[in-house]
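K.L.:
Structure provided below as structure tokens; questions to follow.
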Amino acid sequence: MQPQNSQSSKPFMLATWSFSSNGCSLAWPNLHSGGDSLDAVCTAAREAEADSKVDSVGFGGLPDVIGRMSLDACVMMSPEKCGSVCAVSRHLHVTDLARLVMERTSHVMLVGEGADSFADSLGIPQTELLSDEARRAWERWRSGERATRPTDQGVDSGKLFSSPSPIGEKHIPHDTIGVLAIDTRGVMAGACSTSGMPFKLSGRVGDSPIPGHGIYVDPEGGGAVATGTGEFVMGVSGSFLAVECMRRGSTPLEAVREVLERIERRHKPLPHQQVGIIALAPDGRWSAGALCSGFAVTIADASGIQSVAPEWILRPEV
Ligand code: GLY
């Protein structure tokens, strides 16, 4: 357990899940020697996108119900500086693409074929996104799914195919990579990237690419990124809520608790349904929490890179 409302020093990185440690390790040297927070969060997310062992982000991510990959990502520095892409199906590095939307267009979000065409127009090479391993997992899931239609991650087991579980097992705790960083100048940036809910309905987009839901950064309040069942986070504007709580004076821990307790109250998640959230205040205080056990965060600072348990878990017995 972390000490309450841990205080970091600049520069600093905070990311969801232990699988983000590779990306944080890659990003840290440049951030430590004065590099930009935006470069740091994009480097960390890009590493996860390229890692075929991460089954919830980029190449190696699990596809939708018909075996088709679609990726979502968002980068954010402030309410005025934000970019996002949803349902990208031909390009791997969606975090970089979201950054290009932010830096080269007057829009915030590009979706589907439009986002892929934007990447084409910039000369970004197309990539096969479905790995052999993910295709085999989808084939195994599809044979089992016909019989059972298992539910695990989703929202309402009564809704048609709302909540498939990978291969009928409890969901492996890998989900959106969300990264927040403060650089030596005190500038904060955030990024998140995901292949979304495994075996989702085609066209489903979760919280991750939507500013205020999966990610929010406001220099006046701080930053937050969520991971887990996006439908729960979207219902409470989870990342905006966390940052707004901090902007109004809550500690990062209080902000995280407010989001998770509101999800619990409103959505009534099943015992194993997970949401994790990280929160970083402009002065470097940070916290993380989750609905149930299994969540981890990665931190990078002058003392090194380590993965630790979140400060607070709503249902630690699960
Ligand atoms: N949190 C990722 C998603 O629900 O798509």
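The values are calculated or read from the model by the stated rules, or taken from the named source; none is laboratory data. The structure presented is a predicted model; accordingly, all values stated were derived computationally and were not measured. In this analysis, Cβ positions are derived from the backbone assuming ideal geometry, glycine residues included, and neighbour counts consider all displayed protein chains. We work out accessible area using only protein heavy atoms, side chains counted, and drop any ligands, DNA or RNA first. Shrake-Rupley method; radii C 1.70, N 1.55, O 1.52, S 1.80 Å.
K.L.:
Do you know which residues across segment 287-311 are open to solvent by 30 Å² or more (accessible area, probe 1.4 Å) and in contact with a helix residue (DSSP H, G or I) (Cβ under 6 Å, 6 or more places away or on another chain)?
P.N.:
Within segment 287-311, Ile305, Ser307 qualify.
K.L.:
Give segment 5-35 a look and list any residue that's at positive phi and open to solvent by 30 Å² or more (accessible area, probe 1.4 Å), or say none.
P.N.:
Correct list: Asn5, Gly34.
K.L.:
Taking segment 36-83 on its own, how many of its residues are away from the ligand (no atom under 16 Å from the Cβ), open to solvent by 10 Å² or more (accessible area, probe 1.4 Å) and more than 19 Å from Ile210 (Cα to Cα)?
P.N.:
11
K.L.:
Residue pairs, Cβ under 6 Å, 6 or more apart or interchain, first in segment 37-59 and more than 17 Å from Met13 (Cβ to Cβ), second assigned to a helix (DSSP H, G or I). List them.
P.N.:
Cβ pairs passing all conditions: Val54/Phe19; Val54/Ala48; Gly58/Glu49.
K.L.:
Does Gly284 satisfy the condition of being surrounded by 18 or more Cβ atoms within 10 Å (Cβ to Cβ), at positive phi and either at pLDDT below 95 or within 13 Å of the ligand (Cβ to nearest atom) (or both)?
P.N.:
Against the criterion (surrounded by 18 or more Cβ atoms within 10 Å (Cβ to Cβ), at positive phi and either at pLDDT below 95 or within 13 Å of the ligand (Cβ to nearest atom) (or both)), Gly284 does not qualify.
K.L.:
Find the strands (runs of 3 or more DSSP E) located wholly in segment 173-268 whose residues include 1 or more that are in contact with a Gly (Cβ under 6 Å, 6 or more places away or on another chain) and either near the ligand (Cβ under 9 Å from one of its atoms) or open to solvent by 40 Å² or more (accessible area, probe 1.4 Å) (or both), and list them.
P.N.:
Ranges flagged: 188-194, 222-228.
K.L.:
Within segment 293-305, does at least one residue satisfy the condition of being part of a strand (DSSP E or B) and among the aromatic types (Phe, Trp, Tyr)?
P.N.:
no
K.L.:
Another question, if that's okay. Return the total of residues in segment 84-110 being within 16 Å of the ligand (Cβ to nearest atom) and open to solvent by 10 Å² or more (accessible area, probe 1.4 Å).
P.N.:
Residues flagged as within 16 Å of the ligand (Cβ to nearest atom) and open to solvent by 10 Å² or more (accessible area, probe 1.4 Å) within segment 84-110 amount to 3.
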